[in-house]
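Below is one structure, written out as structure tokens; comments come after it.
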Amino acid sequence: MTDSAAADRPAIDTSVPHSARIWNYWLGGKNYYEVDRIAGDEYRETFPGIVDMARASRGFLVRAVTHLAGEAGVRQFLDIGTGLPTADNTHEVAQRVAPEARIVYVDNDPLVLAHARALLTSTPEGVTQYIDADVRRPDAILAQAAQTLDLDEPVALMLMGILGHIPDYAEARSIVERLLEALPSGSHLVLYDGTDTDEALAKAQQNYDEGGSEPYRLRSPEQIAGFFDGLELLDPGVVSTSRWRPEETSAGLPAEVKTYGGVGRKP
């Protein structure tokens, strides 16, 4: 990221709610403004389960990255649609397991760019890098990522709650296919998105979209599963994020949430 690139970015508007800041608020972070808290609370009034969704999705990230850096032996992670830093970011989880892991974060949001320095930390043995690019331009992402990652070796491609910002499903599928096409056998796709299976969630999202913020398209569990076509799905498949390999407790399985995701291996 260059000074000139940052200078070309529009100023951060703190007078309107912002999805990354609202998500940070739901996760219990501190990088939000009053306008974001108000919007987040209004969303929650319509759909009370949104905080559970946000936190279950972060738990899914932690468990998936822990498995990939551990049992699966993956040492490279390409995390597209990074969002604001909070607890247990991808590089922190991966490098706890494998200090030599290399992580590239991708985002094109001016607010996230402003917090990039918080992401650019690493163990001495590993690498953490940040690139300014748009998920709609997969070739540009791959070209920049190749400066840090060895794309001849397995990579964990992470698309966490980002593809809902691509309204057209066929376009979203083609982006995933192009990114995976450039990665070798043994690479993995880690992905989740919000589902359209709950009327209250759909209403809350509609209200949010109509407020002028960047819209987000909820999709069916079947459509989310479609992103994994051609891959070897790891157990338990594409499920509620709270039910993907949860930690066992005496209370049994956690309640399901309305985000669905999974992990698939490229054969």
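Below, the figures for the structure above:
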item	result
Cα Rg over Rh - the stretch 78-221, Kirkwood	0.98
Value of Rg/Rh across the stretch 148-267 [Cα atoms, Kirkwood radius]	1.01
Beta bridge orientation in the stretch 12-265: antiparallel %, DSSP, nearest 5	35 percent
Length added when fully stretched, residue 114-residue 146, from 0.36 nm per residue minus Cα-Cα	9.2 nm
Among 78, 205, 124 the positive-end extreme of the charge dipole of the chain (Cβ point charges)	124
Kirkwood Rh (inverse of mean 1/r, distinct Cα pairs), the stretch 12-265, angstrom	18.4 Å
Under the Debye formula (equal points on every Cα, no solvent term), log10 I(q)/I(0) of the stretch 93-140 at q = 0.27, 0.28 Å⁻¹	-0.95, -0.98
Cβ-Cβ FRET estimate between residue 16 and residue 170, R0 fixed at 45 Å, reported to 0.05	0.90
Shape category assigned to the stretch 50-130 from the gyration tensor of Cα positions, a/c cut at 1.5	oblate
Space enclosed by the convex hull of the alpha-carbon atoms of the stretch 1-146, per residue, Å³	119 Å³
Selection from 28, 242, 46 lying farthest towards where the dipole of the stretch 12-265 points positive, charges on Cβ	28
Dipole magnitude of the chain about its Cα centre (Cβ charges: Lys, Arg +1; Asp, Glu -1), debye to nearest 20	400 debye
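Where a number appears in this text, it was derived from the coordinates with a stated rule and is not lab data. Computed from a predicted structure; not experimentally measured. Every residue, glycine among them, receives a Cβ derived from its backbone with ideal geometry; neighbour counts consider all protein chains shown.
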